[in-house]
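Please read the structure below before turning to the comments.
The values are calculated or read from the model by the stated rules, or taken from the named source; none is laboratory data. Remember, predicted model here, so these are calculated numbers, not experimental data. Note: ideal-geometry Cβ built from the backbone for every residue, glycine included; neighbour counts use all protein chains shown. Please note that ligands, DNA and RNA were not included when accessible areas were found on the heavy atoms of the full protein model with its side chains. Shrake-Rupley method; radii C 1.70, N 1.55, O 1.52, S 1.80 Å.
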Amino acid sequence: MSTQHTTSTTTGTSALRLTVLAVTAAATLALTGCADMSRKDRNTVLGATAGAVVGGALTGSTTGAAVGAAAGGVIGNETSKRRPN
């Protein structure tokens with residue numbers, strides 16, 4: 001039985017590593033397009049990306065990632081309003 005537990009744990013770990021790699025790659029590609037963005041736009045994108053990663057990691061679901069992205073985007077946008085460009 002320990003073999004089955006190890007196999008499922010290894011599969012779960014591999015899936016998590018693949019997810020982290022995919023999110024990192026997507027964030028890297030998205031951020032390379034941020035060079036000519038305003039501070040407000042950049043903070044909104046960064047907040048949404050960070051929120052998606054944290055929400056997905058905490059809940060383990062795409063719904064959690066979506067909620068985290070929405071919350072992070074709003075927070076990033078609002079912090080930009082408090083600071084002048």
*Considering residues of the range 29-51 that are modelled with pLDDT under 80, open to solvent by less than 80 Å² (accessible area, probe 1.4 Å) and not aliphatic (A, V, I, L, M) only, the residue farthest from T79 (Cα to Cα)*: G33
*asked:* I want to confirm something. Restricting to the range 55-85 and keeping residues that are among the β-branched types (V, I, T) and modelled with pLDDT of 90 or more, which single residue is nearest to A25 (Cα to Cα)?
replied: V67
_Residues that are surrounded by fewer than 16 Cβ atoms within 10 Å (Cβ to Cβ) and within 16 Å of the chain's Cα centre (by Cα), drawn from the range 13-28_ = A15, L16, R17, L18, T19, V20, L21, A22, T24, A25, A26, T28
